[in-house]
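The values are calculated or read from the model by the stated rules, or taken from the named source; none is laboratory data. Keep in mind it's a predicted model, so treat the numbers as computed, not measured. Backbone-built Cβ (ideal geometry, glycine too); neighbour counts: all protein chains shown. Side chains are part of the model used for accessible areas, which takes the heavy atoms of the whole protein and leaves out ligands, DNA and RNA. Shrake-Rupley method; radii C 1.70, N 1.55, O 1.52, S 1.80 Å.
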Amino acid sequence: MTSVDYKSHFSIANIPFGVASSNTHPKPQGVTRLENSVIFLAELQRAGVFASISSLPEGIFDQPSLNEYAALPKSTQRDVRKVLQEALAKPLPTGFTEDISAVTLHMPVSVGGFTDFSCSLHHVRNAGRAILNDETPPPGFFNFPIGYNGRASTIFVSGTPVIRPQGHFFDRSAATEKKPIVYGPSQALDYELEIGVIVGKGVSRLQGLNAKDADDHIFGFVILNDWSARDIQGCEMVPLGPLNGKSFGTSISPWIVTLDALEPFKVPGPKPEVALTSHLEDIAASSYAIDLKVEILVGTQATTVTESKAQDLHWSGRQMAAHLASTGADLQTGDIIGTGTVSGPVDGSYGCLLESTKAGKEPITLADGSKRHFLLDGDVVRMTATAGGAASGVGFGECIGELQPAVKF
């Protein structure tokens, strides 16, 4: 994999949160990042840096996940952010920080639930056109965010290898008109460029939630790659939704960018095309100016295959959270809500190969001259994102994964 320096993503305007360990800090614990320095927050707390914040529990950053911190009130988290920005404006003593190259990044939260939505009108139209030659959106698309419950136990942090799954799919090479169903390694492995919404303070069962109030329950965002086996998915989606075609692996970036860091980049979202039920009514500035990019790496050569924008999504993270709670279901701290593929309206802005290759019919050409209908073993997919442009100092770093051959059980 080619090495990229994401120093510019992590200015003092960002202050993201993650979990890391190192030789000198062997236990995974809460951290933040300034440029290429990783700051161990438990060390700062022991040194009294957060002494003015009485609502911050002792030892909260010593935990191997950020769940306890993410569940705190927004007022406490804002106080922590303010103190960190003041403290990091000056050099810290030795022992509090390590270079990014010296640490191992871990899953930032313990995930109890994962729901993946399909919030991009461009994606559903592009995919429908590619598969069915019909770009008509699903019947409920404009009334509520559509989605399905995924598998939380197969979410892993960026850098974790992705193993090509085995499963059932139609053998398109068979000479018969009715294609037989066979079992084997997926032949149509894809990525999906998404934003992951991390639930902070939970919502109790039967409490409900209005989209306008949902920011109090959202800790922040990550980049999310919902790896997809399109052939397995296509076989199992009649009549139910995705299962094994999606549940083998989902990658997230290690740094959670908070809503406070994203606040300056709020922009108007799409206007509703139908009257919404009251809990789905959102604020005027319902989206964020986040630019996303996907590259496929073969050896040392990287090919940009997608550049899209979060503000093209039809539904917001607040609306997705409100929709989940509208049945009386609870939301738990650490739950991840995926936006679904973030796609734009034109070639080069499609967030997955299913769209870019017209369901495998028209391959794309990479920088080394090779072609891809879908991903090959050894391909590396790298996703990056910045808020408000590259010069803003607020970015997500990367979400990266290498596809490795199927394993026989």
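Could you say whether any residue in segment 65-82 is more than 22 Å from the chain's Cα centre (by Cα) and over 27 Å from GLU263 (Cβ atoms)? Within segment 65-82, none of the residues are more than 22 Å from the chain's Cα centre (by Cα) and over 27 Å from GLU263 (Cβ atoms).
A Cβ distance below 8 Å, combined with a sequence gap of six or more or placement on separate chains, defines the contacts here; from segment 262-286, residues that are open to solvent by 50 Å² or more (accessible area, probe 1.4 Å) reach residues that are of a type in the set (Lys, Arg) in the pairs GLU281/LYS212; ILE283/LYS212; ILE283/ARG318. Sort out which residues of segment 36-55 are touching a strand residue (DSSP E or B) at 6+ places or on another chain (Cβ under 8 Å) and either farther than 20 Å from GLY200 by Cα or surrounded by fewer than 21 Cβ atoms within 10 Å (Cβ to Cβ) (or both), and write them in order of number. Hits for segment 36-55 are ASN36, SER37, VAL38, ILE39, PHE40, ALA42.
Each row is one residue, and each column tells you yes or no for (1) open to solvent by 30 Å² or more (accessible area, probe 1.4 Å); (2) touching a residue at least 60 places away in the same chain (Cβ under 8 Å); (3) in contact with a helix residue (DSSP H, G or I) (Cβ under 6 Å, 6 or more places away or on another chain); (4) farther than 25 Å from SER110 by Cβ.
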{"position": "GLY334", "(1), (2), (3), (4)": "no, yes, yes, no"}
{"position": "ILE337", "(1), (2), (3), (4)": "no, yes, yes, no"}
{"position": "GLY369", "(1), (2), (3), (4)": "yes, no, no, yes"}
{"position": "LEU375", "(1), (2), (3), (4)": "no, yes, no, yes"}
{"position": "MET383", "(1), (2), (3), (4)": "no, yes, no, no"}
{"position": "GLY389", "(1), (2), (3), (4)": "no, yes, no, yes"}
{"position": "LYS408", "(1), (2), (3), (4)": "yes, yes, no, yes"}
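Can PHE40 be described as in contact with a Leu (Cβ under 9 Å, 6 or more places away or on another chain), at pLDDT 95 or above and among the aromatic types (Phe, Trp, Tyr)?
In short, no.
Restricting ALA174, ALA214 to residues that are of a type in the set (A, V, I, L, M, F, W, C), touching a Lys or Arg at 6+ places or on another chain (Cβ under 6 Å) and assigned by the TED database to the domain that holds GLY249 narrows the list to ALA214.
Per-residue answers, yes or no, for (1) buried (at least 17 other Cβ atoms within 10 Å of the Cβ); (2) assigned to a loop (DSSP other than H, G, I, E, B):
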{"residue": "PRO57", "(1), (2)": "no, yes"}
{"residue": "LYS82", "(1), (2)": "no, no"}
{"residue": "SER101", "(1), (2)": "no, no"}
{"residue": "THR104", "(1), (2)": "no, no"}
{"residue": "PRO108", "(1), (2)": "yes, yes"}
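Summed over segment 179-214, the residues that are under 25 Å from LYS246 (Cβ atoms) and either open to solvent by 60 Å² or more (accessible area, probe 1.4 Å) or without any contact (Cβ under 8 Å) to a residue 12 or more places away in the chain (or both) give a count of 5. Within segment 350-365, how many residues are open to solvent by 10 Å² or more (accessible area, probe 1.4 Å) and out of contact with any helix residue (DSSP H, G or I) (no Cβ under 7 Å at 6 or more places or on another chain)? Result for segment 350-365: 6. If you go through segment 355-392 and keep only what is of a type in the set (Asp, Glu) and under 20 Å from the mean Cα position of the chain (by Cα), you end up with GLU355, ASP379. Scanning segment 15-35 for residues that are open to solvent by 30 Å² or more (accessible area, probe 1.4 Å) and in a loop (DSSP other than H, G, I, E, B) gives ASN23, THR24, PRO26, LYS27, PRO28, GLU35.
Only one of the numbered conditions (1) at positive phi; (2) open to solvent by 20 Å² or more (accessible area, probe 1.4 Å); (3) under 23 Å from the mean Cα position of the chain (by Cα) is violated by GLY95, and that is (3). Within segment 169-184, the set of residues being under 13 Å from ARG230 (Cβ atoms) and at pLDDT 95 or above comprises PHE169, PHE170.
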